[in-house]
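Visitor: Structure below; questions to follow.
The values are calculated or read from the model by the stated rules, or taken from the named source; none is laboratory data. Source: prediction; values computed, not measured. Glycine gets a Cβ as well: all are built from the backbone with ideal geometry, and neighbour counts include every protein chain shown.
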């Protein structure tokens, strides 16, 4: 398994613009929304939000964020790991494991031991220690999605 270096946007604020553009390209959420959240992570003292990326040279190949609510109807299930994405040519190489593990470890350092994750995947996250919790409705969706939980 390859080793990948996970970068916290909090620690490398100069990467925020590039990261916001990359996440926007993957998920369609306005770039400004990502940038605003990243600026809050950079300048804030709270544990949430946080953003993480993995670079291969100068190319962003994966990343995720931690936000209060990932657009669902269960505000009690917080904070949420969100925007999880690995570039297709880097899948099955350990990139997702690297940033998922790092995000959980980093949040634990901030005193957050439980994270939630909204997804349509039904077996991917179990490989990394996440457990199915319940079904929740995403904002504007007609079909429930799966909510996972991980406690460190």
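Visitor: Going by the structure shown, is residue 83 crowded, with 17+ Cβ neighbours inside 10 Å, at positive phi and either assigned to a loop (DSSP other than H, G, I, E, B) or in contact with a strand residue (DSSP E or B) (Cβ under 6 Å, 6 or more places away or on another chain) (or both)? First the steps, then the outcome.
Guide: Values: crowded, with 17+ Cβ neighbours inside 10 Å: yes; at positive phi: yes; either assigned to a loop (DSSP other than H, G, I, E, B) or in contact with a strand residue (DSSP E or B) (Cβ under 6 Å, 6 or more places away or on another chain) (or both): yes.
Considered against the rule, which asks whether it is crowded, with 17+ Cβ neighbours inside 10 Å, at positive phi and either assigned to a loop (DSSP other than H, G, I, E, B) or in contact with a strand residue (DSSP E or B) (Cβ under 6 Å, 6 or more places away or on another chain) (or both), residue 83 comes out as yes.
Visitor: Here are some conditions: (1) under 16 Å from the mean Cα position of the chain (by Cα); (2) farther than 23 Å from residue 147 by Cβ; (3) not in a strand (DSSP E or B). Residue 53 meets all but one. Which one does it not meet?
Guide: (3)
Visitor: Give the number of residues within the stretch 130-152 that are exposed (fewer than 14 other Cβ atoms within 10 Å of the Cβ) and touching a helix residue (DSSP H, G or I) at 6+ places or on another chain (Cβ under 8 Å).
Guide: So the answer is 1.
Visitor: Looking only at the stretch 97-118, count every residue that is farther than 14 Å from residue 65 by Cβ and not in a loop (DSSP other than H, G, I, E, B) and tell me the total.
Guide: Looking only at that region, the number is 7.
Visitor: Then there's this: Filtering the stretch 82-96 down to residues that are touching a residue at least 40 places away in the same chain (Cβ under 8 Å) and more than 16 Å from residue 38 (Cβ to Cβ), which residue is nearest to the chain's Cα centre (by Cα)?
Guide: First, the residues of the stretch 82-96 that are touching a residue at least 40 places away in the same chain (Cβ under 8 Å): 83, 85, 93-95.
Then drop every residue that is not more than 16 Å from residue 38 (Cβ to Cβ), which leaves 93-95.
Values: 93: 18, 94: 15, 95: 13 Å.
Checked the stretch 82-96; the qualifying residue nearest to the chain's Cα centre (by Cα) is 95.
Visitor: Need the failing condition index for residue 123 against (1) out of contact with any strand residue (DSSP E or B) (no Cβ under 9 Å at 6 or more places or on another chain); (2) in contact (Cβ under 8 Å) with a residue 24 or more places away in the chain; (3) at negative phi, just the number.
Guide: It is condition (2) that residue 123 fails.
Visitor: Hey, could you check the stretch 4-45 for residues that are in contact (Cβ under 8 Å) with a residue 24 or more places away in the chain and not in a helix (DSSP H, G or I) and say which is surrounded by the most Cβ atoms within 10 Å (Cβ to Cβ)?
Guide: 9
Visitor: Would you tally the residues in the stretch 92-103 being more than 10 Å from residue 52 (Cβ to Cβ), surrounded by fewer than 22 Cβ atoms within 10 Å (Cβ to Cβ) and touching a strand residue (DSSP E or B) at 6+ places or on another chain (Cβ under 7 Å)? Walk me through it before giving the result.
Guide: Restricting attention to the stretch 92-103, the residues satisfying the condition of being more than 10 Å from residue 52 (Cβ to Cβ) are 92-97, 101.
Now restrict to residues that are surrounded by fewer than 22 Cβ atoms within 10 Å (Cβ to Cβ): 92-95, 97, 101.
Now drop any that are not touching a strand residue (DSSP E or B) at 6+ places or on another chain (Cβ under 7 Å), which leaves 95.
Selection size over the stretch 92-103: 1.
Visitor: OK, next. Could you figure out which of (1) exposed (fewer than 15 other Cβ atoms within 10 Å of the Cβ); (2) at pLDDT 95 or above; (3) assigned to a loop (DSSP other than H, G, I, E, B) isn't true of residue 89?
Guide: That leaves (3) as the condition not met.
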